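Read the structure below first, then the notes.
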Amino acid sequence: MRLGSGGRVLLGERRAGDPPLPVELEDALREWAAFAVTVSGSGGRAERDMLQRRGRQLAVRLADALGRTVTYTDPVSGRVEAVDAPPTGPIPRRCADTEPTPWATGLTVSAFTAVVVAVGDVALSRAFAEAFGLLWVPANILVALGLAPSLHLLRFTPFWRWPAIGAAAGLVVAWVFLLLGELG
């Protein structure tokens, strides 16, 4: 991949087994070439650095799209470098934490969060009930459904799992309290 005359990106040799390039990659290469022509003529140091970084990023995307190593010619320095295709497959996960789980601190944070969420939910639901009657029920359901995806995603994050557990428990306690209040 190098910049040719007239602001065109020359992709070098196309091999018989090369797949067609995605349209968004072709558009990005054209935009980069236009930027390269502008920067080559009157660009400052910051623009040249940005041109070099974006060129390398596009070379990696091109290597990924073609599934092979490509050569990238830097339009600023003229240096030629080989850019390998990134490894395919699932994103590697971090190793499991080697530290012990801080149960005492975590459960304390969970309990505090549960109390705050329960009190807040009950207070808002009661205020909503005074103003709109039984519309507090669908409003509270929407609050719980809105929080559910975030709480679900946080359950494996080392610190944030504790407030997530507390918030879920607080919502359950608030619902029990509110429903018992409606019955009694």
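Summary table below
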{"item": "Filter result for Leu124 (under 24 Å from the mean Cα position of the chain (by Cα) and either in a helix (DSSP H, G or I) or modelled with pLDDT of 95 or more (or both))", "result": "no"}
{"item": "Number of positions in segment 150-176 that are surrounded by fewer than 16 Cβ atoms within 10 Å (Cβ to Cβ) and under 30 Å from Glu130 (Cβ atoms)", "result": "3"}
{"item": "Residue that is farthest from Val80 (Cα to Cα) [pool: residues in segment 27-67 that are among the β-branched types (Val, Ile, Thr) and more than 27 Å from the chain's Cα centre (by Cα)]", "result": "Thr38"}
{"item": "Filter result (modelled with pLDDT under 80 and either on the phi > 0 side of the Ramachandran plot or among the small types (Gly, Ala, Ser) (or both)) within segment 2-33", "result": "Gly4, Ser5, Gly6, Gly7, Gly12, Ala16, Gly17"}
{"item": "Qualifying positions in segment 130-142 - out of contact with any Leu (no Cβ under 8 Å at 6 or more places or on another chain) and either buried (at least 17 other Cβ atoms within 10 Å of the Cβ) or of a type in the set (D, E, K, R) (or both)", "result": "Glu130"}
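Table: residues versus (1) more than 30 Å from Gln52 (Cα to Cα); (2) assigned to a helix (DSSP H, G or I); (3) outside the structural domain of Leu51 (by TED's automatic domain parsing).
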site	(1), (2), (3)
Asp64	no, yes, no
Ser77	no, no, no
Val119	yes, yes, yes
Glu130	yes, yes, yes
Leu151	yes, yes, yes
Ala168	yes, yes, yes
Val172	yes, yes, yes
Trp175	yes, yes, yes
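The values are calculated or read from the model by the stated rules, or taken from the named source; none is laboratory data. Owing to the predicted nature of the structure, the values given are computational and were not obtained by experimental measurement. All Cβ positions, glycine included, derive from the backbone under ideal geometry; neighbour counts span all protein chains shown.
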